[in-house]
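Quick notes on the structure that follows.
Each value in this text was obtained by applying a stated rule to the coordinates, not by laboratory testing. Keep in mind that this is a model prediction, so the values were computed, not measured. FYI the Cβ positions are ideal-geometry reconstructions off the backbone, even for glycines, and counts take in every protein chain you see.
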């Protein structure tokens, strides 16, 4: 007889290996009978390759406990003594006890608890992309953070049920992603203490998941939070951890992401030469990256975002003309749906123009930030950048008409928060 594709599909949904299924079946028998089972991986192989289509009663009972359905739904046939009417649950329980030779009074009735599989992981992850897209459009906000934490809570509930090692790691990775997104929202909102609390939590989940990409994401957020706190040594340490991570070592895409974080950290520490070297390496490494399937959160990163980050580094290094060129390159390619990133790159362009002694042009550029955000409240990080621009503009051109008009516009936009 041919392979049992129905059973294979159900095993895949649970994310189990043959050995793990055998262990799960033996655990089910212990729950039913009070004694450990002796089902082996070879038994599972025979069920899958079609050598065994009618397993013995004990095996059928364990299969039904693990998968939560009759063995007929697994492409198998029960022995004739188990082919009882479905509406007679009392007889069914009596048979299961009699096949083990255990008295009914000696065996507790265990409530079936459905195992968690990769299908459940996919279902729990369904809302994550929507949240990432919302962040791309308007940046972090309170409702996004709250929804992300609700997603984390649902994932942690799934962790309380039976799962294979593969599924459990995937659930921890998903919990880390939801929690990191919440932490990122609080970074964007400039509520740094709350962000720190959730980043600490997501770091634990990422470690338990053993997922390289998730670990990279957490280190990047740690570096960004350290920058917001002006803790430059911690920013550098987090950037070094990202750069040394498994994800960065195995994929030039993540390698570039780690190296540009190093460049930002060196710039914060006032080391423009080291920043320039790390930036050049980030650009060279990204050119080696190939198209591949990566997590949705990485969609923001590419040549355009790297140019945006280069503009930040160059502005900090006092290289305003070079920063302006990089900001223009970034804005030429950042997709329209990445509203927040386009607005941030526009802030860098305005700061670069102001740094070159072009306050009127810089003011016109800065005003387009509000248009790009399309009426949405500015995230905290963006408000900080706009505030920096505002103070520098009034220092350079305090009595000009365009500066007064800008100050009026600022008051109107600030009231939206």
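Overview of results
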read-out: Residue 249 paired with residue 401, simple spin-label distance in nm, labels 7 Å along Cα-to-beta-carbon; value: 6.3 nm
read-out: The chain: angle of helix 165-188 to the longest principal axis, Cα-based, in degrees nearest 10; value: 20 degrees
read-out: Isotropically averaged projected area of the range 117-210, using the convex hull of Cα atoms (one quarter of hull area), nm²; value: 5.4 nm²
read-out: Computed label-point distance, nm, for sites residue 77 and residue 391 using a 7 Å Cα→Cβ extension; value: 8.2 nm
read-out: Global size of the chain as Cα Rg and Dmax, reported in angstrom; value: 28.7, 96
read-out: Length added when fully stretched, residue 17-residue 130, from 0.36 nm per residue minus Cα-Cα; value: 37.5 nm
read-out: Chain lengthening between residue 166 and residue 408 when straightened (0.36 nm per residue, less Cα-Cα); value: 81.5 nm
read-out: Estimated inter-spin distance, residue 46 and residue 321, nm [label 7 Å along Cα→Cβ]; value: 8.2 nm
read-out: Cα-based radius of gyration of the range 263-389 once divided by 2.2 N^0.38 Å, which approximates compact folds; value: 1.06
read-out: Neighbour-count order for 191, 211, fewest beta carbons within 10 angstrom listed first; value: 191, 211
read-out: Helical contribution to [θ] at 222 nm, DSSP H n ≥ 4, -39,500 (n - 2.57), averaged over the chain, rounded to 500; value: -22500 deg cm²/dmol
read-out: Surface/4 of the Cα convex hull for the range 310-379, nm²; value: 4.4 nm²
read-out: Inter-part distance where the range 49-78 and the range 315-335 are each reduced to a Cα centre, Å; value: 64 Å
read-out: Ratio of Rg to Rh over the range 241-329 (Cα coordinates, Kirkwood Rh, two decimals); value: 0.98
read-out: Helix 339-355 axis, angle to the chain major axis (alpha carbon atoms, nearest 10°); value: 20 degrees
read-out: Proxy reagent accessibility, fewest Cβ within 10 Å first, across 217, 391, 229; value: 391, 229, 217
read-out: Order of 38, 193, 120 - criterion: other Cβ atoms within 10 Å of each residue's Cβ, fewest first; value: 193, 38, 120
